[in-house]
Amino acid sequence: MHRLLLLGCLWLLTAPPVSSIFQRPTGSPAPPRLQYLLEPLHPTVHTQRGATATLPCVLRALPRNYRVKWSKVEPANYGENIIIITNGLYHKNYGPLSPRVHLRHSHRYDASLTITNVALEDEGRYRCQLVNGLDDESVSLTLHLEGIVFPYQPSNGRYKFNYHEAKRACEQQDSRLATYQQLYKAWTEGLDWCNAGWILDGTVHYPIINSREPCGGRLLLPGVRSYGARDRQKDRFDAFCFTSALKGQVYFIRGHLNFKEAGQACRNHGAAIAKVGQLYSAWKFSQLDRCDGGWLADGSVRYPITTPRERCGGLPDPGVRSFGFPSKELRAYGTYCFVEK
């Protein structure tokens with residue numbers, strides 16, 4: 001017993017102080033503290049297409065000589081595009097965002113970036129960088145658009161797009177190729193699709209909720225399955241497109257119209273035949289619910305269902321149903337039109 005007490009006392013005499021036991025390991029320095037820029041309270045700004053969004057960047061002090069540079073990080077080409085540079089008194093805009101951006105300047109320490117009429121391609125990561133000689137520092141923010149991801153394939157069947165064709169096809173349907181984050185979020189919300197498709201960064205994926213034999217087998221867990229990066233010229237897949245809110249309205253015209261007559265019917269009302277992305281947007285954001293198949297601009301026939309029922313396809317979940325690409329001479333459907341507001 002006395003021997004145990006003696007050993008315990010010797011340990012207390014030789015043991016390192018408690019503070020040194022929990023010190024940061026050598027070689028892993030603490031992240032550098034921001035000296036001039038305030039860390040944003042909310043690093044993600046949520047918005048919709050057509051809205052005005054402000055990305056916050058506020059200085060806690062004004063260095064003697066400095067510049068603030070805003071840029072957008074572009075994962076598709078692994079670069080950054082400069083948007084605006086200011087020295088506090090003057091500023092200069094750069095690139096395609098130039099007509100739609102300005103500095104908020106609500107006070108002398110405010111270098112926040114305001115984007116008007118937000119577009120689909122504005123989603124992504126932005127960097128506010130203070131350029132001050134050796135004391136350069138930056139904060140990153142993400143602009144997130146509320147929207148909907150939908151799979152898309154052309155009239156001649158699945159797996160027909162190379163990357164560039166997939167990108168163009170989404171843009172023609174009032175959308176853009178989805179990012180991985182958008183596709184992953186869509187999967188968490190129930191997107192289940194067995195065909196692989198391109199996304200914005202040039203990789204190929206498909207989201208599976210219900211594991212099954214034709215989609216990788218029953219033993220694979222649900223998830224966003226990946227084919228990784230593929231050859232953008234040679235490899236061919238479908239596309240996953242992303243769209244957001246509309247500055248306009250989608251509505252249905254009843255009739256027994258062929259494709260050409262459908263387009264004319266919309267033009268007679270001062271509208272245009274709706275695109276696939278516009279129909280998905282109206283279903284998502286305006287709760288458009290019609291049990292009637294209607295022509296769309298790509299020659300497909302679809303209808304949006306927000307309240308599933310037996311006589312409207314019989315499927316248990318809401319969604320945009322498709323009749324595919326029937327003959328354009330077939331007089332069997334109405335048409336969905338889009339008018340801008």
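The values are calculated or read from the model by the stated rules, or taken from the named source; none is laboratory data. All values reported here derive from a predicted model rather than from experimental measurement. Don't worry about glycine lacking a Cβ; one is built from the backbone with ideal geometry, like all the others, and counts go over all protein chains shown. SASA here: full protein model, heavy atoms, side chains in, ligands and nucleic acids out. Shrake-Rupley method; radii C 1.70, N 1.55, O 1.52, S 1.80 Å.
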With every protein chain in place, the accessible area of Val131 for a 1.4 Å probe, in Å² rounded to the nearest 10, comes to 30 Å²
Probe 1.4 Å, heavy atoms of protein chains only: per residue, the accessible area of the chain in Å² is 56 Å²
In this structure, the FRET efficiency calculated for Ala61 and Arg104 from their beta-carbon separation, with R0 = 30 Å, to the nearest 0.05, is 0.95
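Work out which GluC sites (Glu not before Pro) in the chain are exposed loop sites (DSSP not H, G, I, E or B, at most 16 other Cβ within 10 Å) and give the longest gap free of them. Before the final figure, lay out the partial values.
Working: sites that count: Glu146, Glu189, Glu310, Glu329.
Counting only loop sites that pass the neighbour cut-off, the longest clear stretch is 1-145.
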Once normalised by the length of the stretch 112-202, the mean sequence separation of its alpha carbon contacts under 8 Å that are 6 or more apart gives a contact order in percent of 22 percent
Hits for the chain under the membrane-span-like helix rule (DSSP H, Cα axial span at least 15 Å, Kyte-Doolittle mean at least 0.0) are 2-14
In vacuo Debye sum over C-alpha of the stretch 219-341, base-10 log of normalised intensity I(q)/I(0) at q = 0.12, 0.18, 0.19, 0.22 Å⁻¹, listed in q order, is -0.52, -0.96, -1.02, -1.21
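Where does the chain land at 222 nm, in deg cm²/dmol rounded to the nearest 500, when only DSSP H runs of n ≥ 4 count, each adding -39500 (n - 2.57), divided by all residues?
On the way: 6 runs with 56 residues, N = 341.
That comes out to -4500 deg cm²/dmol.
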Any lysines whose Cα falls less than 30 Å from that of Lys167, other than same-chain ones fewer than 8 residues away, would be Lys69, Lys72, Lys185, Lys234, Lys247, Lys260, Lys275, Lys284, Lys328, Lys341
Relative contact order in percent for the chain (Cα pairs under 8 Å, 6+ apart) equals 14 percent
One can check that the equivalent ellipsoid of the stretch 155-210, built from the alpha-carbon gyration tensor with semi-axes equal to the square roots of five times its eigenvalues, has lengths in Å, largest first, of 19, 13, 10
Using alpha carbon centers only, the stretch 240-286 is separated from the stretch 308-341 by a whole-angstrom value of 11 Å
Rg from C-alpha atoms of the stretch 37-132, normalised by the globular rule of thumb 2.2 N^0.38 Å, equals 1.04
Expressed as a percent, the accessible surface of the stretch 149-189 that is carbon or sulfur, using a 1.4 Å probe and the full set of protein chains, is 45 percent
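Can you give the Rg to Rh ratio for the chain, taking only C-alpha atoms and Rh from Kirkwood? Intermediate results must be reported in sequence, preceding the final value.
Details: Rg = 27.1 Å, Rh = 23.7 Å.
Ratio of gyration radius to Kirkwood radius: 1.14.
Arg33 to Tyr90: FRET efficiency via 1/(1 + (r/R0)^6), r the Cβ-Cβ distance, R0 30 Å, to the nearest 0.05? Could the numbers behind the result be given before it?
Working: r = 29 Å, r/R0 = 0.98.
Here the calculated transfer efficiency is 0.55.
Taking a 1.4 Å probe, which of Asp192, Asp110 shows the most accessible area, and what order do the others take after it? Don't skip to the end; give the middle numbers.
Values: Asp192 40, Asp110 5 Å².
Putting Asp192, Asp110 in descending order of accessible area: Asp192, Asp110.
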